[in-house]
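Beneath this line is the structure, given in C-alpha cells, with notes to follow.
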Amino acid sequence: MSPARPKPARKKVEREARGTVGTTTVDNPRITCRNVNVYYGDKHAINDVSLDIAHNEILAMIGPSGCGKSTFLRCLNRMNDTVPGARVSGDIQLDGMNIYDKGVDVVPIRAQIGMVFQKPNPFPKSIWENIAFGPRIHGVSNNKEELHQIVETSLKKTGLWDEVKDRLDQPGTGLSGGQQQRLCIARTIAVNPEVILMDEPCSALDPIATAKIEELMDELRHQYTICIVTHSMQQAARVSQRVAYFHLGDLIEVSDTETLFTNPRHQLTEDYITGRFG
Ligand SMILES: Nc1ncnc2c1ncn2[C@@H]1O[C@H](COP(=O)(O)OP(=O)(O)OP(=O)(O)O)[C@@H](O)[C@H]1O
Ligand SMILES: [Mg+2]
C-alpha cells in the first residue's frame, strides 16, 4: 500500500503591501505606486494600493466588474482628474517623478503615459490626421515631411500601413473596428510614450482582430511598458508577464502570470480564476 499522500501545505501567504499577497515591487520600475487611494465622493473605490510596473513588461489587471481596475488605470495618467468628484491620494511616480506633484503639466504626462480605450475612438478626421495631430500639438514636429514619417512609422509599428497606405486621406472612422483600434494604438505611439495603458482594448473586437492586437502588444513590449485591463483570463495569460488581481478596491494578489493562474495564493484569486466568483 502506498503511503498516504501528505496534506498539501497551507497556502503560503506573503504579505508585503498591506493586504496584498505577493511581491508588488520590481527591480526596474518604470511606474511606482505607493498607498494609492481613490474616492468618488464618499465611495472609497481604491484602497491603499501599492504596485510597481517594470520596464518592458505587460502587466494585466483582472478582477470582477466594479473592483476598481479602470479607476486604478486612470490614476496612472491622471485621467481621474477629469472625473467629477474623484479624489486621488498617494504617490505615483514615472521614472522617479511624482506625476501628481504641484506644477506638473498633465498634458505631456498623458502623452508619456498614453491610453487606449475599450471602444476605438478615432478622431473624426483623416487617417493621416489621426496620427499627425498628437505630434503636432505636443510639439514633436510641425514639419509636413517629418509628420509624414511619424505617420508611416506609427502605422507600420501597428501593422496597419499596408492596409491603409493608399487611403490616408480617408476618415479614420471608416476603418473596421480592429483597424480603428490599431489606429488608436498608432496614435498613442506617435507621441513617443513610455507607457501605454489599455482598458479592455479587445472587448469590442472579434478573435482575429484580437489576435492581431495581442501580437502587436507583444512586439510593443520591447519598447514600452504596457498595462492592460482585461476581462479575459485567457488574454491575460497569453499577453502578460505579471498579473494583478483586484477585488472590491483592494489589490489582493500580484504574481508572475504563470504562478497566478496555476498556483494562486489567495482564496479570492483562486475563486475568481476558477470561475466561482465574478
Ligand atoms: N465616476 C464615478 N462616480 C462614482 N463612482 C464611480 C465612478 N466611476 C466608478 N465608480 C465606482 O467605483 C468602483 C470601481 O469602478 P471601476 O469602473 O473602476 O471598476 P472596473 O473594475 O473597471 O469595472 P468593469 O470591469 O465593470 O469595467 C465601482 O464601484 C464604481 O461604481
Ligand atoms: Mg472598467
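One residue is enough: does the stretch 30-47 have a residue meeting the conditions touching a residue at least 60 places away in the same chain (Cβ under 8 Å), of a type in the set (A, V, I, L, M) and out of contact with any helix residue (DSSP H, G or I) (no Cβ under 7 Å at 6 or more places or on another chain)?
yes
Each row is one residue, and each column tells you yes or no for (1) within 16 Å of ligand 2 (Cβ to nearest atom); (2) crowded, with 20+ Cβ neighbours inside 10 Å; (3) modelled with pLDDT of 95 or more.
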| site | (1), (2), (3) |
| --- | --- |
| Trp161 | no, no, yes |
| Lys165 | no, no, yes |
| Asp169 | no, no, yes |
| Thr173 | no, no, yes |
| Gln180 | no, yes, yes |
| Thr188 | no, yes, yes |
| Met198 | yes, yes, yes |
| Pro207 | no, no, no |
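So Ser50 clears everything in (1) among the polar types (S, T, N, Q); (2) surrounded by fewer than 20 Cβ atoms within 10 Å (Cβ to Cβ); (3) in a strand (DSSP E or B) except one condition, right? Which one?
So the condition that Ser50 fails would be (2).
Matching residues to (1) more than 16 Å from ligand 1 (Cβ to nearest atom); (2) modelled with pLDDT of 95 or more:
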position	(1), (2)
Glu57	yes, yes
Ser65	no, yes
Gly90	no, yes
Asn98	yes, yes
Lys102	yes, no
Gln118	no, no
Ile127	yes, yes
His138	yes, no
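Of all residues in the stretch 65-103 being among the aliphatic types (A, V, I, L, M) and crowded, with 17+ Cβ neighbours inside 10 Å, which is nearest to ligand 2 (Cβ to nearest atom)?
The extreme case among them is Leu73.
Considering only helices (runs of 4 or more DSSP H) fully contained in the stretch 110-164, which possess at least 1 residues that are basic (Lys, Arg) and over 20 Å from the mean Cα position of the chain (by Cα)?
Because the criterion is at least 1 residues that are basic (Lys, Arg) and over 20 Å from the mean Cα position of the chain (by Cα), the helices (runs of 4 or more DSSP H) in the stretch 110-164 that meet it are 127-137, 144-157.
The values are calculated or read from the model by the stated rules, or taken from the named source; none is laboratory data. Note that the structure is a prediction, hence the values are computed from the model and not measured. In this analysis, Cβ positions are derived from the backbone assuming ideal geometry, glycine residues included, and neighbour counts consider all displayed protein chains.
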